[in-house]
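No lab work stands behind these numbers, since they all come straight from the coordinates. Computed from a predicted structure; not experimentally measured. Reconstructed Cβ throughout: ideal geometry from the backbone, glycine too, with neighbour counts over all protein chains shown.
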Amino acid sequence: MQGMGSLRLGNRAVMYTAETLSKGKNRVMGTIQIMTGFLHIGFGIVLTTLTNLYTSVFVIGEIPFLGGVSFIISGCLSIGAEKSPTECAVKGSQTMNVISAIFALLGIVAFIVDLNLNVLYHSSLDYPGYLVLLAGNGISIVLLIFTVLEFCIAVATANFWCRATRLSSNESMLIVPSATRVDLAVPPAELPQPPSYTELAAPEV
């Protein structure tokens, strides 16, 4: 059937439509997750050097490093699960994307708190201190945008694997034994036809 395929989970093959599994979709989102993870780690190190003037709940909570590693792992598992969608890879990708969504949500809250704590107007700061505060807020805004993007991607990816592996009215499951190969192209063997009534009733000469 056109537009149909199978998603293998170990010895199971779950039927899916082309709409359910877009080719290259998880690969693109996984690449964005990996890039976001490295951005969090890199900018987190920069924000760590500014903590003497810039108060960052994001850095204090170790979110840039824990969240960054979680985003990178989620991206790698998403790409790997698309290339080889085994049951272990799919469940691992789904679990890590849920964890990444939690870290992203914590990061969004932390960035909002940071931007409220570090307002641009401080009468006690000199010009260099003002520049440090401005740089810290700029980094927080950039990371906030990528964190929101990461949250959306993590939720979408986890939901994607949930839909791909869930049985519904539009999806069916085909049990494929690991040691058995079925060739659907071989036509069934023709059975011999029984003799007709006339042949049975005809008298022997």
- Item | Protection proxy ranking of 70-76, 59-65, 29-35, 160-166 - average other beta-carbon atoms within 10 Å, highest first | 70-76, 29-35, 59-65, 160-166
- Query: Taking 0.36 nm per residue of separation and subtracting the Cα-Cα distance, what length does fully extending K83 through T31 add?
  - Reply: 17.4 nm
- Task: For V142 and I102, calculate 0.36 nm times their separation in residues minus their Cα-Cα distance, and state this gained length in nm to one decimal.
- Result: 12.5 nm
- Item | For the stretch 58-70, 3J(HN,Hα) per residue [Karplus equation, 6.51 cos²θ - 1.76 cosθ + 1.60, θ = phi - 60°, Hz, x = Gly/Pro] | 4, 7, 4, x, 6, 5, x, 8, 5, x, x, 5, 5
- Note on the structure: Eigenvalues of the alpha-carbon gyration tensor of the stretch 28-169, times 5 and square-rooted, give semi-axes in Å, largest first, of 36, 13, 10
